[in-house]
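Data first, discussion second: the structure below is written as structure tokens.
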Amino acid sequence: MNNLQTIIILDHGSQYTQLIARKVRELNVYCEIHPYNHPPQFNDNIAGVILSGSPFSVNDPESPKPDLWFKGKIPVLGICYGAQYMVSAFGGKVQRSVTREYGRAIITSADNTCKLLRGITIGSQVWASHGDTIESMPEGYKVICSTSSVRYAGYKIDGEDTYAIQFHPEVHHSVEGKKLLENFLVLVCGCRQNWTSDNFVTTAVRDLKVKIGTDRVVLGLSGGVDSSVAAMLLNSAIGSNLHCIFVDNGLLRKYEYESVLSSYRGMGLNVKGVDAKQMFYTALQGITDPESKRKAIGKTFIDVFDSEASQIQDVKWLAQGTIYPDVIESCSVKGPSATIKSHHNVGGLPDYMKLQIVEPLRLLFKDEVRRVGKVLGLKDELLLRHPFPGPGLAIRILSDVTEEKVRILQEVDNIFIEGLKREGLYNKVWQAGAMLLPVQSVGVMGDERTYENVVALRAVESVDGMTADWSHLPYEFLAEVSNNIINNVRGVNRVCYDISSKPPATIEWE
Ligand code: XMP
């Protein structure tokens with residue numbers, strides 16, 4: 001990504017920092033988040049800096065104190081804590097506010113001659129979240145907007161392209177927030193807004209060609225969006241020198257292995273399917289503890305992957321589907337570190353393979369990965385699929401895993417998922433699946449008394465899986481699915497629907 005105009009977001013630990021980055025990217029400008037105490041090397045590509053908010057008060061002795069050596073040299077936008085810090089560090093005063101400003105505020109005055117506020121209207125709603133407020137400003141700081149309760153809601157420093165606001169333009173409830181950010185990026189920083197999926201694909205393919213040349217690359221496909229898009233990108237760059245491995249761990253959904261494998265082949269990927277079901281079942285035999293199941297699956301996966309990868313002659317690279325949230329999670333403000341999380345499914349390859357790592361998606365957020373996938377022609381059936389855990393159905397069987405239990409759960413899950421698709425509900429829920437409970441219950445079928453398994457259905461609405469609410473699926477739909485399951489899946493005589501939110505529950509039961 002050379003010569004790419006870049007906005008640097010210095011993170012002071014705010015919960016909204018990632019949101020700033022996503023908004024900037026939505027405006028087609030490339031940006032990177034860096035901890036305030038580990039800024040990157042500056043070069044000519046850096047078009048501006050955004051200083052994030054923070055949970056700290058600037059008056060707290062422990063508060064983040066970034067070195068602002070670049071202020072006055074390149075454009076800067078301070079947001080909330082960033083605004084307050086530039087006041088307190090240069091002779092102004094920030095104090096605990098008498099009336100704390102949380103939530104809705106209304107712009108009561110705005111200087112529209114100022115580039116940052118061009119087109120921002122009086123009466124516009126903004127979102128604030130601060131317990132401190134600016135009491136007095138250093139010399140040369142000029143107020144550019146106020147809200148109903150805050151006089152110095154925004155300022156500009158004379159003779160510099162330095163701007164700051166005490167509210168949060170990045171959150172949805174700041175109605176003209178995106179316009180304000182766009183003003184900063186385009187009018188103040190001169191950004192060209194050319195960070196688009198098409199451009200990303202062109203540049204990434206070109207860079208991958210240079211980086212990898214005629215070397216061979218191995219990649220583990222999971223059926224998920226990230227590894228599929230990573231594979232397509234590499235395939236565009238190096239074609240059949242990309243060797244993909246797709247492992248059937250026996251814990252996938254019904255028909256998943258066959259259908260995903262044939263989709264991959266249809267996309268022109270050089271992919272080898274490996275049926276390792278029995279190895280996984282053997283490794284899982286008798287294990288009931290969820291974490292032990294995950295470990296057994298992870299270890300078996302590495303064994304299978306290693307043995308397949310080592311059969312490819314002269315392989316030099318291991319490709320991973322790491323995406324940007326994984327990268328920034330591993331270099332947080334509280335504990336900056338250079339270690340990058342490895343993909344949960346692949347990792348720990350033996351040293352003798354000495355593979356270099358290539359992560360073509362490491363700059364992208366999830367929604368950007370989807371857009372890139374669309375540009376690359378990834379089919380909706382892969383692009384829009386629900387998340388599915390790496391350990392698969394093993395963590396949806398709440399007891400030891402056997403082939404027979406997997407079969408029962410696959411049938412149940414398939415009826416539920418196909419029903420969601422048929423009724424147009426699949427894309428309305430974020431994730432759905434079924435759990436096989438370690439409980440038998442009494443039932444009656446015909447004249448016979450039964451004593452069989454209980455399953456629970458779970459469907460949730462979520463944005464990122466961190467929090468979730470149960471989906472309010474129509475009763476009629478649930479009734480039909482329940483009937484279908486009990487009538488068609490031998491071994492199940494009772495169906496429950498999970499109505500817990502996360503927190504306090506989690507999405508998976510194990
Ligand atoms: P929880 O159960 O933590 O799930 O609320 C949040 C999201 O993470 C997925 N999940 C996993 N994914 N390996 C994975 O690859 C795992 O061990 C794992 N456990 C949970 C879950 O499906 C949901 O999307």
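The values are calculated or read from the model by the stated rules, or taken from the named source; none is laboratory data. Just so you know, these numbers come straight off a predicted model, no measurement behind them. Glycine gets a Cβ as well: all are built from the backbone with ideal geometry, and neighbour counts include every protein chain shown. Protein only, heavy atoms only, side chains kept; ligands, DNA and RNA dropped before computing areas. Shrake-Rupley method; radii C 1.70, N 1.55, O 1.52, S 1.80 Å.
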Worksheet item: If we scan segment 418-439, do we find a residue that is more than 16 Å from the ligand (Cβ to nearest atom), in a strand (DSSP E or B) and open to solvent by 50 Å² or more (accessible area, probe 1.4 Å)?
Response: yes
Fill in: Answer residue from segment 199-223, given it is out of contact with any helix residue (DSSP H, G or I) (no Cβ under 8 Å at 6 or more places or on another chain) and among the β-branched types (Val, Ile, Thr) and is least open to solvent (accessible area, probe 1.4 Å) among those
Thr203
Response to the item:
The number of residues in segment 431-475 that are of a type in the set (Gly, Ala, Ser) and over 24 Å from Leu383 (Cα atoms) is 4
Worksheet item: So which residues in segment 483-510 are more than 36 Å from the chain's Cα centre (by Cα) and either within 12 Å of the ligand (Cβ to nearest atom) or on the phi > 0 side of the Ramachandran plot (or both), if there are any at all?
Response: Gly491
Worksheet item: Of the residues that sit in segment 96-121 and are at pLDDT below 95 and touching an Asp or Glu at 6+ places or on another chain (Cβ under 8 Å), which one is surrounded by the fewest Cβ atoms within 10 Å (Cβ to Cβ)?
Response: Arg96
Discussion item. Where the second residue is outside any helix (DSSP H, G or I) and away from the ligand (no atom under 14 Å from the Cβ) and the first is among the basic types (Lys, Arg) and lies in segment 382-400, which pairs have Cβ atoms under 8 Å and are six or more apart or on separate chains?
Written reply: Arg396/Leu436
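If I filter segment 453-476 for residues that are more than 16 Å from the ligand (Cβ to nearest atom), hydrophobic (A, V, I, L, M, F, W, C), open to solvent by 30 Å² or more (accessible area, probe 1.4 Å) and in the same structural domain as Arg422 (by TED's automatic domain parsing), do I get at least one hit? Working first, answer last.
Keep residues of segment 453-476 that are more than 16 Å from the ligand (Cβ to nearest atom), which gives 453-455, 472-476.
Add one more test, that the residue is hydrophobic (A, V, I, L, M, F, W, C), and what stays is 454-455, 473.
Subsequent filtering for residues that are open to solvent by 30 Å² or more (accessible area, probe 1.4 Å) retains none.
Within segment 453-476 (the criterion being more than 16 Å from the ligand (Cβ to nearest atom), hydrophobic (A, V, I, L, M, F, W, C), open to solvent by 30 Å² or more (accessible area, probe 1.4 Å) and in the same structural domain as Arg422 (by TED's automatic domain parsing)), the answer is no, since none of the residues qualifies.
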Discussion item. Between a residue in segment 484-510 that is more than 12 Å from Arg458 (Cα to Cα) and in contact (Cβ under 8 Å) with a residue 60 or more places away in the chain and any residue that is of a type in the set (A, V, I, L, M) and within 12 Å of the ligand (Cβ to nearest atom), which pairs come within a Cβ distance under 9 Å, given they are 6 or more apart or on different chains?
Written reply: Glu510/Ala394; Glu510/Ile395; Glu510/Met435
